[in-house]
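The values are calculated or read from the model by the stated rules, or taken from the named source; none is laboratory data. Small disclaimer: the values here were computed from a predicted structure and weren't measured. Quick reminder, even Gly has a Cβ in these numbers, built from the backbone with ideal geometry, and neighbours come from all protein chains shown. For accessibility, only protein heavy atoms count, side chains too; no ligands or nucleic acids. Shrake-Rupley method; radii C 1.70, N 1.55, O 1.52, S 1.80 Å.
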Amino acid sequence: MRADLHTHSDASDGTDPPADVMRRAALAGLDAVALTDHDTVAGHEQARRALNEGDGEVRGLTLVPGMELSCRLDGRSVHLLAYLFDPDHPELAEQTRRIREDRVLRARAMVRRLADLGAAVTWDQVAAIAGTAVVGRPHIARAMAASGVVATPADAFSSEWIADGGRAYVAKYALDPTRAIGLVRAAGGVAVLAHPRAGRTWSVSDQQIAALTAAGLAGVEVFHPDQSSAQRAGLLGLTRDLGLVATGGSDDHGSLTGHRIGCETTAAGAYEALLAQATGARPIRSG
Ligand SMILES: [Zn+2]
Ligand SMILES: [Zn+2]
């Protein structure tokens, strides 16, 4: 049983269409994959079609519909993975729509700041790169690299440019994670705290995770490429103490992260424990 519970498609800031993510998941030998684009479920339809109509290469693969919600805790950006919720739940849908709309305003504001700083990037460039996707900083970073402002998109994520707190950084509308967990649960889904120790400058504390657990958090993403073995060991102990499910995922963004789907996975027991708590939607299995 190999389940990668954290991937992105070009419905948000990944580079590959959802159908390609499904094919790569199958090629990587996964049994299950969650599509968890930022603040949108727009990729689910195509992923589902790829499984239903796909040829032999995706046979046996299970799709876990999900989303990665933008949250803010004590002024810091925090990500919440949500799985198997009802995508039509009115309040959850309304809040994600609001986040997406604010992402556009915020991206435009960052482009203006970049222009003020002398970086030759235009909104038209960013919009063309994002296409119909939920716009995010990786799209701006790609425009910056295309214009020669930085050598690679990764170089844009510095304090000089668009990293958290950087000169051209603008915060976006985000949910209080306690509220987000409540919304996900109200929609019949399960909520997992994404990569709590992956940040370069700060991380979610044990106390904060305990408080989120009291609010209904179901799990913590322990196995993530940006978390060290020491951090994983600490989080594993914490999940045991708090009765949380320990999950894993690649956080694959296509070529942006170097195709790495399946590099981190969730244990079978943890996968089953999560699924058992969800009532808002069912996993989709390719027959
Ligand atoms: Zn994240
Ligand atoms: Zn992610």
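Some notes on this structure:
- Accessible area of segment 1-118 belonging to carbon and sulfur atoms, whole % at 1.4 Å probe: 44
- Residues in the chain average 41 Å² of solvent-accessible surface per residue, probe 1.4 Å, ligands and nucleic acids excluded.
- If you sort the three axes of the alpha carbon gyration tensor as a ≥ b ≥ c, you get a/c under 1.5 for segment 103-170, which makes it rounded.
- Residue among D39, D88, D252 with the largest mean-square fluctuation in a Gaussian network model of the chain, springs linking Cα atoms under 10 Å: D88
- Dipole of the chain, positive direction: furthest Cα of A156, G243, P18, with charges on the beta-carbon: A156
- Taking only protein heavy atoms and a 1.4 Å probe, the accessible area of segment 164-204 is 46% carbon and sulfur.
- Ellipticity estimate at 222 nm from DSSP helix runs (n ≥ 4, -39,500 (n - 2.57)) divided over the chain, nearest 500: -11500 deg cm²/dmol
- Of all DSSP bridge pairs formed entirely within the chain, close to 45 percent run antiparallel.
- Taking N as the residue count of the chain, its C-alpha radius of gyration divided by 2.2 N^0.38 Å amounts to 0.96.
- Kyte-Doolittle at least -0.5, axis length at least 18 Å by Cα - qualifying DSSP helices, the chain: 229-242
- Protein accessible area in segment 223-287, 1.4 Å probe - carbon and sulfur %: 52
- When both segment 117-176 and segment 1-52 are represented by their alpha-carbon centers, they are found 24 Å apart.
- Cα gyration tensor, segment 167-241 - rounded (a/c under 1.5), prolate or oblate: oblate
- Three-way shape label, segment 57-100, alpha-carbon gyration tensor, a/c 1.5: oblate
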